[in-house]
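Structure, as structure tokens:
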Amino acid sequence: MDYSPELDHALKTLRQITGLTMDVKADTLEEEEQALRQIQCLCSAYQEKYNKTHFLQGLITGTIASYDILERAPRLHITKDEKRVLFLLKTRGTLDEAVPEILKNLFPARTKSYLVPLTECSIVILRPMKSCETEEDIVKIAHTIVDTLNMEALASVQVAFSSGFDTLAECSAAYKSAYLALKVGNLFYSEQTVFPYNRLGVGRLIYQLPVSLCEGFLHEVFGDEIPDALDEETNSTVTRFLQNNLNIAETSRQLHMHRNTLIYRLEQVEKQTGLDLRNFEDAMTFKIASMVMNYLQTERNS
């Protein structure tokens, strides 16, 4: 039977994506149009159910049952049991069109790496791990992602990654691990761009504490008058001072600042907070208190 070009194309598409060959009996133009719509709907439904990106998004968000993984993964030619690592990439704004293209060059399909868009500003990379790769190798890959996108797409990105996992069923847990690393890292270590799942330090602990306990800690440190946040310049100075292990000479050199100017700023912080940052115990208390205040501020804003 001769079909219209549109119906003939729809039948060929159906055969390509499902392997099914179908004959259509249509005596009128209306019946042929109805058959065309039904076949197009069938193709769309099949493509959605067996679309690789749709499947991987379901794995990551935990909306696909384990028995469905066993059935659909082979159909999509995705190896079910293979050691992988999950990278979660987030941009400060909407993902530029150039970002996925650059990532495809970094993680070509032949390596069995998958790019999975999640939101308008985030994308997941599922990448197989080689048996000889260490965690430091994964850290280097994450930095390569950040540096390449910054250089080639002028994109400001942050990347978190999970531990290695062995089966597709563990994708959801790996994503939650990377998401927590990105959230905690962005909250407490915003000057960094790469956040490993297992290097969140005291930030992870603070993030999991009840708000009431955090507020109690601040009152214990500062009394009833919790100080306001430091101005940007002072905060930058203090951060560099703490990074340099309370070394006044090295901090002055790096900031191109006279030693006396640095000491003056530290004394101003002491007047405001009651903590002498030149003393190790006070410096650590200030660091943790600052992280707690930052966390509480974020919680109130959200």
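Between the DSSP loop rule and a limit of at most 14 other Cβ atoms within 10 Å, which GluC sites (Glu not before Pro) in segment 192-295 are left?
225
Stick to Cα atoms and the Kirkwood definition of Rh, then tell me Rg/Rh for segment 5-49.
Rg/Rh: 0.97.
Any number yet on Rg/Rh for segment 199-302, C-alpha, Kirkwood?
Ratio value, two decimals: 0.99.
Applying 1/(1 + (r/R0)^6) with R0 = 45 Å to the Cβ-Cβ distance of residue 287 and residue 46, what FRET efficiency is obtained, to the nearest 0.05?
0.20
Compute the relative contact order of segment 1-82 as a whole-number percentage, counting only Cα pairs closer than 8 Å that sit 6 or more residues apart in sequence.
22
Taking the alpha-carbon distance from residue 140 and a cut-off under 17 Å, which aspartates and glutamates remain once sequence neighbours fewer than 8 residues away in the same chain are dropped?
none
What's the magnitude of the charge dipole for segment 5-49 around its Cα centre, counting Lys and Arg as +1 and Asp and Glu as -1 at the beta-carbon? Answer in Debye, nearest 20.
360
Would you be so kind as to identify which of 35, 10, 46 lies farthest towards the positive end of the dipole of segment 5-49, taking Lys and Arg as +1 and Asp and Glu as -1 on Cβ and the Cα centre as origin?
The listed residue farthest towards the positive side: 46.
Treating only the Cβ atoms of Lys and Arg (+1) and Asp and Glu (-1) as charged, compute the dipole magnitude of segment 209-301 about its Cα centre; round to the nearest 20 debye.
Dipole of segment 209-301, to the nearest 20 debye: 460 debye.
Cross-link candidates for residue 25: which aspartates and glutamates have Cα within less than 16 Å, leaving aside residues fewer than 8 places away along the same chain?
2, 6, 8, 33
Assign one of three labels to segment 122-182, namely rounded, prolate or oblate, based on the Cα gyration tensor with a ≥ b ≥ c the square roots of its eigenvalues; rounded applies when a/c is under 1.5, prolate when it is not and a/b is larger than b/c, and oblate otherwise.
It is oblate, given that a/c is not under 1.5 and a/b is not larger than b/c.
Count neighbours as other Cβ atoms within 10 Å of each site's Cβ, and list the trypsin sites (Lys or Arg not before Pro) in segment 1-91 that are DSSP loop with at most 15 such neighbours.
Answer in residue order: 25, 80.
Whole-Hz Karplus ³J(HN,Hα) for segment 8-14, in order, using 6.51 cos²θ - 1.76 cosθ + 1.60 and θ = phi - 60°, x for Gly and Pro?
Using θ = phi - 60°, the values come out as 4, 5, 5, 5, 5, 4, 4 Hz.
Return the calculated 222 nm mean residue ellipticity for the chain, to the nearest 500 deg cm²/dmol, obtained by summing -39500 (n - 2.57) across DSSP H runs with n ≥ 4 and dividing by the residue count.
That comes out to -18500 deg cm²/dmol.
Do any of 104/176; 12/104; 12/80; 80/183 go past 27 Å between their Cα atoms, and which?
Table pairs above 27 Å Cα-Cα are 12/104; 12/80; 80/183.
Loop only by DSSP, 12 or fewer other Cβ within 10 Å of the Cβ. Give me the GluC sites (Glu not before Pro) in segment 100-139 that pass, ordered by residue number.
Those satisfying the criteria are 120.
Using the Cα atoms of the chain to build a convex hull, what is its mean projected area in square nanometres?
22.3
Bear in mind these aren't lab numbers, they're just calculated from the coordinates by the rules spelled out. Treat the numbers as computed from the prediction; the structure is a model and nothing was measured. Cβ coordinates were reconstructed from backbone atoms using ideal geometry, including for glycine residues, and neighbour counts include every protein chain displayed.
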